[in-house]
1. Of all residues in the range 295-342 being acidic (Asp, Glu) and open to solvent by 10 Å² or more (accessible area, probe 1.4 Å), which is nearest to Gly427 (Cα to Cα)?
2. List the residue pairs whose Cβ atoms are under 8 Å apart, where the first residue sits in the range 231-253 and is under 16 Å from Ser22 (Cα atoms) and modelled with pLDDT of 95 or more, the second is open to solvent by 40 Å² or more (accessible area, probe 1.4 Å) and of a type in the set (Ser, Thr, Tyr), and the two are 6 or more positions apart or on different chains.
3. Please give the number of the condition Val14 fails out of (1) open to solvent by less than 10 Å² (accessible area, probe 1.4 Å); (2) in a strand (DSSP E or B).
4. Any idea how many residues of the range 109-158 are assigned to a loop (DSSP other than H, G, I, E, B), among the polar types (S, T, N, Q) and closer than 22 Å to Ala213 by Cβ?
5. Only one of (1) of a type outside the set (Phe, Trp, Tyr); (2) over 19 Å from the mean Cα position of the chain (by Cα); (3) closer than 30 Å to Gln337 by Cα fails for Glu79. Which number is that?
6. Which ones in the range 244-268 are open to solvent by 40 Å² or more (accessible area, probe 1.4 Å), out of contact with any helix residue (DSSP H, G or I) (no Cβ under 8 Å at 6 or more places or on another chain) and not in a loop (DSSP other than H, G, I, E, B)?
7. Quick check on my filter: what residues within the range 333-356 are under 15 Å from Gly471 (Cα atoms) and either out of contact with any strand residue (DSSP E or B) (no Cβ under 8 Å at 6 or more places or on another chain) or not aliphatic (A, V, I, L, M) (or both)?
8. Could you tell me whether the range 284-292 includes any residue that is open to solvent by 10 Å² or more (accessible area, probe 1.4 Å), at pLDDT below 95 and more than 22 Å from Tyr533 (Cβ to Cβ)?
Amino acid sequence: MNAVPSTANGFDQVVDVLIVGSGGGGMAAALTAQAAGLDALVVEKSPYFGGSTALSGGGIWVPGAPAQRREGYNPSPEEVVKYLLQITDGLVSEARIRQYVQSAPQMLEFLENLSGWFEFVWKPGYADYYPELPGGSELGSTINVPPIDLRKLGVDEQKLLQPLALAPKGIWLGPKELRTFYRIRQSWAGKGVLLKLIARMVRARVFGERMAAIGQSLAARLRLAMRERGIPLWLETPMAELLTDADGSVTGAVVIREGRTRSVGARQGVILASGGFDHDLAWRKEQLPVLDQDWSFGNPAAMGDGIRAGQKIGAATELLDEAWWFPAIQWPDGRMQFMLNERMMPAQFIVNGEGKRFINEAAPYMDFGHAMIDGQKSGVTHIPCWLITDHRSWNRYVVGGHLPIPKIPGAPVPTGRKVPRAWLESGVVKAATSWDEMAAKIGVPARQLAETAGRFNELAHKGHDDDFHRGDSVYDNYYGDPTLPNPNLYPLGGPPYYAFRIVLGDLGTSGGLRTDEYARVLRDDDTVVLGLYAVGNTAAPVMGRSYAGAGATIGPAMTFGFVAAKHVAAHAAKQTL
């Protein structure tokens, strides 16, 4: 039932549980709480719902998910625990890891049983990011939702947070289609996806379809389920502060709604799901001085409100210098673009300010980001670094969003054989006819760059990267060229050569409030701040400084939203006995 305005205990309104933030974690918490019989209210500072979930790839990393079991695949929970313990390297308690491994499949099962809006699918093949480790999976544990026509949202369609760079109507790709599309020159299936995109554009124009996939679909489905269940969502309602009683227990929060300060009491608890501090550059540079600019892909409204509110009442924090790093291109208009498949291309290498390779270019994006940070701290420029490739690759692979097909006038993305003039004029992309010329353009020692290119070609001819082992992992191969003996290695040919400027992007900050296995917020002495929970990027990550597989942000956010709400409901049930 909806909350009823009340002046009890001095509050303007009282609910059982107040959820701050409308991303995947917040909406999953609200659905769980309401299904347990609690009166839940979600408040969101932005005019839009969905948070960083709506901007994401929409993957949910859940080993042992119902969708996997339906396909006859059921990873051993103990092996998954071992995997997470190893990649988190002692930074995360075993209790939190076990809670995640146990509760994540339960969370998806709960949602599937709760509403017809939820349909979770598993398409094997996108490996965990460390599939060679014990407990890692070459099949992967990334769960997705099918695309959805956003017209189903009705009046809420305009309130869904959308990416800054919107694709033309009808242009959407599922996760597996994206991989196939990147092989547009290597396979007929890739060309088939292009035809699908054209057909989708036609359908969008003729029938008015407004299909959306990945994170947009996931956020829309969560909102539709909330609406179906009658759970109120207050947009444009920032939280100003948490309210506590004499013993420090959280009793509610002050919010700003319609220009008026209102106090909302929470009988059973407050769940903070308001994201990280993605765009508070001053705070971020304080935590990590090598960070030069705001290169985050995260929710524009993510300024750390929940973390600060927790700190003000004595909550501890962890890993505030950390983020979900994702190397990226920043175009002159400020638009950020992921640099993912390009790093797995065979005929390319990435150099630092000394003109040297410094990592397996195809490594998981968190590892690549850490290598940039560590390198920058050493005194050698790694932010930015440069991806160098040749004209053959330009005409064979998808690079920077360019499609290697004959030029199509008016196409929504660059096509044709030439690098767009605007890219070259911006300085984001450099072109050169020799290694000396390229070295001068990107500011690295000419002799070293030539040596790096020679060494790379030597290794590529050999078929194995002895220096950094690119191509050894199944994960590396995913966006590589399957027509080659080593999908990730091929010599660079003749000029012209191109260099793409790579900066330290991220999907959002990942450090936050310290929590226990029930998502309860903790103080420095590990005592519990009663009545306060934190999930998603408001909480310190269960992944530590690592990233288990695609969906390792949304999976924990939704899972611990589910866990927090269940804990709140269990506590409420005890009070009624």
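1. The initial filter retains those residues of the range 295-342 that are acidic (Asp, Glu), namely 305, 318, 321-322, 333, 342.
Narrowing further to those that are open to solvent by 10 Å² or more (accessible area, probe 1.4 Å): 305, 318, 321, 333.
Values: Asp305: 36, Glu318: 38, Asp321: 29, Asp333: 12 Å.
Per the stated criteria, the residue is Asp333.
2. Cβ pairs passing all conditions: Leu235/Tyr48.
3. That leaves (1) as the condition not met.
4. Quick first cut of the range 109-158, residues assigned to a loop (DSSP other than H, G, I, E, B) only: 115-120, 123-141, 145-147.
In the following step, the residues that additionally are among the polar types (S, T, N, Q) were identified as 115, 137, 141.
Still in the list and also closer than 22 Å to Ala213 by Cβ: 115, 141.
Qualifying residue count for the region: 2.
5. Unmet for Glu79, out of (1) of a type outside the set (Phe, Trp, Tyr); (2) over 19 Å from the mean Cα position of the chain (by Cα); (3) closer than 30 Å to Gln337 by Cα: (3).
6. Taking the range 244-268 first, the residues open to solvent by 40 Å² or more (accessible area, probe 1.4 Å) are 244-247, 256-261, 267.
From what's left, out of contact with any helix residue (DSSP H, G or I) (no Cβ under 8 Å at 6 or more places or on another chain): 244-247, 256-261.
Thr244, Ile256, Arg257, Arg260, Thr261 - these are the residues of the range 244-268 that are open to solvent by 40 Å² or more (accessible area, probe 1.4 Å), out of contact with any helix residue (DSSP H, G or I) (no Cβ under 8 Å at 6 or more places or on another chain) and not in a loop (DSSP other than H, G, I, E, B).
7. Leu340, Asn341, Glu342, Arg343, Met344, Pro346, Gln348, Phe349
8. Yes, the range 284-292 has at least one match.
The values are calculated or read from the model by the stated rules, or taken from the named source; none is laboratory data. These figures come from a predicted structure and were not determined experimentally. Positions of Cβ are backbone-derived with ideal geometry, glycine not excepted, and every protein chain shown enters the neighbour counts. All accessible areas refer to the heavy atoms of the entire protein, side chains included, with ligands and DNA or RNA removed. Shrake-Rupley method; radii C 1.70, N 1.55, O 1.52, S 1.80 Å.
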